[in-house]
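Student: Please read through the structure below; I'll follow up with questions.
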Amino acid sequence: MKILILTTKTFHHDYFINSLNISNDRIFVIYEGKKNKPKFKTNHIFTTLRNKYEKKYFGDLLPVKKKIKKFKINDINSKNALKCVKQINPDLVIDYGTSILKSELLDVLKNKKVINLHGGDPETYRGLDSYLWCLYHKDFTKIVACVHKINNGIDTGDILRKKKIIITKKTSIYSIRAQVTEKCVEMVNELLVQLLRSIKIKSFRQIKKGRYYSFFPAVLINTCIKNFNNYKKNYVTQK
């Protein structure tokens, strides 16, 4: 089995790649270099502190192992990307944090197993920065990691796995994305076991279509921090 991971270069994405329970020579990675820029400010001291936390937390499993074949392409939907995907000819494609896959690329992958890793419950929160939107709306039960199939919609494919993120008294707000990543590792490794053993993988359709959210504005970050701290103080009992 050959696995192709479509992703971007971040600490938590590299940790995910290194944590898959499959031979390194079966893993191929395409890093998308293009970064979509919103018209409003998204950078906040929170972002810097989160990156610092993740670099330290994931440190022992960084950088990506040398035996894993890696490619850098600016646009995941470009002709160069399509050519690269065709040459790799993967059995399983995992999308983790790239731009939306367009129809031409999806056509190339139509006979492949193609899944997306989503940091939220897509039946409520589709799109970007889902856990931050959960914190902003005080919707703590929806802070989950999800693996779903990719279709022509945005985060609307059939769900394969979903795992909740547990917040305790010791949980740092900077650790939530790392926890989502760890749950993604768990779920994908569970799926790999089933695929390698030819066990049928169950999935279920999404009952409702969640609201689509774009980039999280920096101006709202302090509200997230306040909501998170209040939740831990007043509602969390687990140490």
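Student: To check you understand DSSP bridge types, tell me what percent of the beta bridges within the chain (both residues inside) are antiparallel, rounded to 5.
Tutor: The answer is about 30 percent antiparallel.
Student: Can you tell me which of 229-235, 212-218 comes out highest on packing, and rank the rest after it, using the mean Cβ neighbours within 10 Å?
Tutor: So the order, starting with the most tightly packed, is 212-218, 229-235.
Student: Rounded if a/c is under 1.5, else prolate if a/b is larger than b/c, else oblate: which is the range 122-239, with a ≥ b ≥ c the root eigenvalues of its Cα gyration tensor?
Tutor: oblate
Student: Report the far tail of the P(r) of the chain, meaning the percent of Cα-Cα pairs longer than 21 Å.
Tutor: Everything past 21 Å amounts to 58 percent.
Student: Quick one: dipole size for the range 86-183, taken about the Cα centre, charges +1 on Lys/Arg Cβ and -1 on Asp/Glu Cβ, in debye to the nearest 20.
Tutor: 380
Student: Now, a different point. With every protein chain present, what is the per residue accessible area of the chain (1.4 Å probe, Å²)?
Tutor: Per residue, the chain has an accessible area of 55 Å².
Student: Trypsin sites (Lys or Arg not before Pro), restricted to the range 42-128: which are DSSP loop and have at most 10 other Cβ atoms within 10 Å?
Tutor: Loop-located and lightly packed - 66, 67, 110.
Student: Hey, another quick one. What percent do you get for the relative contact order of the chain when only Cα pairs under 8 Å and 6+ apart count?
Tutor: So the answer I get is 23 percent.
Student: Moving on to the next point. Hey, what angle do you get for helix 79-88 against the long axis of the chain, alpha-carbon based, 0 to 90 degrees rounded to 10?
Tutor: In the chain, helix 79-88 runs at an angle near 70 degrees to the longest axis.
Student: Between residue 83 and residue 56, take the C-beta separation as r, use R0 = 25 Å, and let me know the FRET efficiency to the nearest 0.05.
Tutor: 0.10
Student: I'd like the FRET efficiency for residue 43 and residue 9, computed as 1/(1 + (r/R0)^6) with the beta carbon distance as r and R0 of 25 Å, rounded to 0.05.
Tutor: Rounded to the nearest 0.05, the efficiency is 0.90.
Student: Give me the one-decimal nm value for the distance between modelled label points at residue 205 and residue 67, 7 Å along each residue's Cα-to-Cβ direction.
Tutor: For residue 205 paired with residue 67, the spin-label model returns 4.3 nm.
Student: Suppose only helical runs count, i.e. DSSP H with n ≥ 4. What mean residue ellipticity at 222 nm does that imply for the chain under -39500 (n - 2.57) per run, divided by all residues and rounded to the nearest 500 deg cm²/dmol?
Tutor: Helices in the chain give a 222 nm mean residue ellipticity of -10000 deg cm²/dmol.
Student: Further question: Roughly how big is the chain's charge dipole about its Cα centre, with Cβ charges of +1 (Lys, Arg) and -1 (Asp, Glu), in debye to the nearest 20?
Tutor: 260
Student: Share of the chain's accessible area from carbon and sulfur, percent, 1.4 Å?
Tutor: For the chain, the apolar C and S fraction of the accessible surface comes to 50 percent.
The values are calculated or read from the model by the stated rules, or taken from the named source; none is laboratory data. Everything numeric here is computed off the predicted structure, so don't read it as measured data. Cβ: placed from backbone, ideal geometry, glycine included. Neighbour counts: every protein chain shown. In case anyone asks, the SASA skips ligands and DNA or RNA and just uses the protein heavy atoms, side chains included. Shrake-Rupley method; radii C 1.70, N 1.55, O 1.52, S 1.80 Å.
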